[in-house]
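The values are calculated or read from the model by the stated rules, or taken from the named source; none is laboratory data. Small disclaimer: the values here were computed from a predicted structure and weren't measured. Using ideal geometry, Cβ is built from the backbone for each residue, glycine included, and neighbour counts are taken over all protein chains shown. The protein model used for the area step is the full one, side chains on, heavy atoms only, and it has no ligands, DNA or RNA in it. Shrake-Rupley method; radii C 1.70, N 1.55, O 1.52, S 1.80 Å.
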Amino acid sequence: AQRVTQPEKLLSVFKGAPVELKCNYSYSGSPELFWYVQYSRQRLQLLLRHISRESIKGFTADLNKGETSFHLKKPFAQEEDSAMYYCALVSSGTYKYIFGTGTRLKVLA
Amino acid sequence: DAGITQSPRHKVTETGTPVTLRCHQTENHRYMYWYRQDPGHGLRLIHYSYGVKDTDKGEVSDGYSVSRSKTEDFLLTLESATSSQTSVYFCATGGSGNEQFFGPGTRLTVL
């Protein structure tokens, strides 16, 4: 079955510390993976997609097909990174998304 | 952000009443989606549409129906609302590039 797992519901780190939000997936085929973010009182928005291999707001994510993971990383967390983060997978050919349960990141001063 | 709107933004209703939520887009996107967001469950797909009059079920479609009579509008109907349908509902759209664009959400409370 296709599934996206985010094992941490809440992750608290201090400002300036590295942060890693975990995402594992189960999918038979070549997935397209994304990270979406929801800041307080704002809409969900795309943060990263694996095919673009870019860094947004200092965040990066690498697709590891061997470990079926797509962890989101940032070397130095900022208070404005506090938000809800969702990992998502799109089912090839159907445009049907599967989201993880989300991880709330709190960056402490 | 203004390209995707949802109405109403907040609604309180009673068990057993019908409820319709509307999603309107001005992006001319082909794909439209309805999700519900619940603590501990994240975002779960209810229904989605891949064109006018073309819809399909998501993982939590029981108790919900949808309609899409034109590109701009995607309606979600709860035929007989239950307390388990209390949630925040998000509409999203998508073009050819797989990125999803989200509406502001509708907070629905079923008493």
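Per this entry, A:Ser30 is not counted among residues that are under 20 Å from B:Gly42 (Cβ atoms), surrounded by fewer than 18 Cβ atoms within 10 Å (Cβ to Cβ) and of a type outside the set (D, E, K, R).
A quick yes/no check of all residues on (1) more than 12 Å from the chain's Cα centre (by Cα); (2) touching a residue at least 24 places away in the same chain (Cβ under 8 Å):
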{"site": "A:Lys9", "(1), (2)": "yes, yes"}
{"site": "A:Lys15", "(1), (2)": "yes, yes"}
{"site": "A:Glu20", "(1), (2)": "no, yes"}
{"site": "A:Ser30", "(1), (2)": "yes, yes"}
{"site": "A:Gln45", "(1), (2)": "no, no"}
{"site": "A:Arg53", "(1), (2)": "yes, no"}
{"site": "A:Gly58", "(1), (2)": "yes, no"}
{"site": "A:Leu72", "(1), (2)": "no, yes"}
{"site": "A:Ala77", "(1), (2)": "yes, yes"}
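For segment A:8-23, the candidate set comprises residues that are closer than 17 Å to B:Leu43 by Cβ and not hydrophobic (A, V, I, L, M, F, W, C); within that set, the residue that is surrounded by the fewest Cβ atoms within 10 Å (Cβ to Cβ) is A:Lys9. When you scan segment A:60-70, do you find a residue that is closer than 17 Å to A:Gln38 by Cβ and at pLDDT below 95, even just one? Yes, segment A:60-70 contains at least one residue that is closer than 17 Å to A:Gln38 by Cβ and at pLDDT below 95. Kindly establish whether A:Phe70 is open to solvent by less than 80 Å² (accessible area, probe 1.4 Å) and closer than 15 Å to B:Asn98 by Cβ. When the stated conditions are applied, A:Phe70 passes them. Scanning for something out of contact with any Asp or Glu (no Cβ under 6 Å at 6 or more places or on another chain), within 28 Å of A:Leu33 (Cα to Cα) and not β-branched (Val, Ile, Thr), does segment B:79-86 turn up at least one residue? No - not one qualifying residue is present in segment B:79-86. Six or more apart or on different chains, Cβ under 6 Å: which pairs go from a residue in segment B:41-53 that's at the interface with another protein chain (Cβ under 7 Å from one of its Cβ atoms) to one that's part of a strand (DSSP E or B) and open to solvent by less than 10 Å² (accessible area, probe 1.4 Å)? Could you list them? Correct list of pairs: B:Leu43/B:Tyr35; B:Leu45/B:Tyr35; B:Tyr48/B:Tyr33.
Looking across segment B:75-111, the residues that are away from chain A (no Cβ under 14 Å) and under 10 Å from the mean Cα position of the chain (by Cα) come down to B:Leu75, B:Leu76, B:Thr77.
Of the residues in segment B:71-82, at least one is open to solvent by less than 40 Å² (accessible area, probe 1.4 Å), in contact with a Pro (Cβ under 9 Å, 6 or more places away or on another chain) and not in a strand (DSSP E or B). Please work out which residue is modelled with the lowest pLDDT, limiting yourself to segment A:36-59 and to residues that are over 22 Å from A:Thr101 (Cβ atoms) and open to solvent by 60 Å² or more (accessible area, probe 1.4 Å). Top of the filtered list is A:Arg53.
Within segment B:54-69, the set of residues being away from every other protein chain (no Cβ under 14 Å), surrounded by 14 or more Cβ atoms within 10 Å (Cβ to Cβ) and free of Cβ contacts under 8 Å to residues at least 24 places away in the same chain comprises B:Gly63, B:Ser65, B:Ser67. Would you please name the residue that is farthest from the other protein chains (Cβ to nearest Cβ), looking only at residues in segment A:69-99 that are under 12 Å from A:Lys22 (Cβ atoms) and in contact with a Pro (Cβ under 9 Å, 6 or more places away or on another chain)? Looking at the filtered set, the residue picked out is A:Lys73. Number of residues in segment B:2-51 that are out of contact with any Phe, Trp or Tyr (no Cβ under 9 Å at 6 or more places or on another chain) and either over 30 Å from A:Ala1 (Cα atoms) or buried (at least 16 other Cβ atoms within 10 Å of the Cβ) (or both): the value is 18.
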